[in-house]
Amino acid sequence: MFQPTFGSLPELNLNIVKLWIPLVLLFVTMLMSSLLALMYVSVPTLIVMRNLTTLCVAILEYLFLSNKIDGFSTASLLGMLLGAMLYSKHDLTFSIRGYALLGLNIVGTSSYQIYMKKLIRSPIFENMGSIGMSYYNNLISLPVLLICAGTMGEFSNFDSRKILQIQLIGLILFSGIIGFSLSVSAFALNKLISATSMMVANNANKFSLIILSEIFVQSTLDVSASIGAISVLLLGCLYSQAAKPLSTKLFIIIIIVFTTGSAVLEYGNININMMHIV
């Protein structure tokens, strides 16, 4: 089903670099904005807000790839937006700077997916395998990342003595293997499914990540935020199943639960505030 790992690897030249540089810049933007956002927001916030990338990708696909969106899919995406708004309203770690970085991450990730889709469909890259794409992406990213590291003063924190520690070497190797696997699988999957479906696949594991973060890192969700988070994740999964008949019934159920739960919680908050005023 997959093409050979390297496939037809075109010779690296100035034309290849020019075509790949926009993808690399978006890739670096995506990585850095995500890491910097975690300094200001919780892991669940990062996960829930990044789910809005699906909405952004769907819009960009419609504008630039001429992919049509039916009414059910549109309703699912709007439901995700409302769920994210409910979540952000009750986010205990709300930070304007953090949400601004998340907004940059959403735009960067969405643009990355769309440009990657256009790039791998171009004649010069259509026969390139997933490892070849990962190779070019990582190779051309290195000078950009080095420039960013120098600009942000990362080299001043470099300690050569720590590089020789076995534990640190093991962690770096493990991180490299995981990153390589993610990169190769992402390029391979992009050849098989649409950009929006790719984003849904990327977000499929996020519900478990939120649970693990709440248990082992820090509890940051109240009931209202939990309803918003669950709505975003479920509607995201439902969006990927839009073509199936059962999805319509599930969509109606989720919307009813979301609307009822939100109304009850907001009514309760209003009553509590009124009691405090009195």
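Any read-out appearing in this document is the output of simple, stated calculations on the displayed coordinates, not a laboratory observation. Note that the structure is predicted; figures quoted are calculated from it, not measured. Every residue, glycine among them, receives a Cβ derived from its backbone with ideal geometry; neighbour counts consider all protein chains shown.
Note that region 116-128 has calculated 3J(HN,Hα) couplings of 4, 4, 5, 5, 6, 8, 6, x, 6, 10, 5, 9, 7 Hz, one per residue in order, obtained from phi through the Karplus relation 6.51 cos²θ - 1.76 cosθ + 1.60 (θ = phi - 60°); glycine and proline are x. For Asp70, Asp91, the sequence from fewest to most other C-beta atoms within 10 Å is Asp70, Asp91.
Put simply, when 178-184, 167-173, 40-46 are sorted by average Cβ atoms within 10 angstrom per residue, most first, you get 40-46, 178-184, 167-173.
Near the amide H of Leu38, within less than 5 Å, lie no amide hydrogens of residues on another chain or at least 5 residues away, with H placed in the peptide plane. Computed from backbone phi, the HN-Hα couplings of region 62-72 come to 5, 6, 10, 10, 6, 7, 7, 10, 7, x, 5 Hz, rounded to whole numbers (Karplus: 6.51 cos²θ - 1.76 cosθ + 1.60, θ = phi - 60°; Gly and Pro given as x). The number of Lys pairs in region 6-154 with C-alpha atoms less than 25 Å apart, excluding pairs fewer than 8 positions apart on the same chain, is 4. Close amide H contacts of Met128 (hydrogens built in the peptide plane, cut-off under 5 Å, sequence separation of 5 or more or a different chain): Ser8.
Summarising the amide proton neighbourhood of Asn67: residues at separation of 5 or more, or on other chains, whose placed amide H is nearer than 5 Å comprise Tyr62. Ranked by the mean number of other Cβ atoms within 10 Å of their residues, highest first, the peptides 135-143, 79-87, 97-105, 59-67 come out as 79-87, 97-105, 135-143, 59-67.
Just so you know, the Cα atoms of region 1-109 work out to an Rg and Dmax of 17.5, 52 Å.
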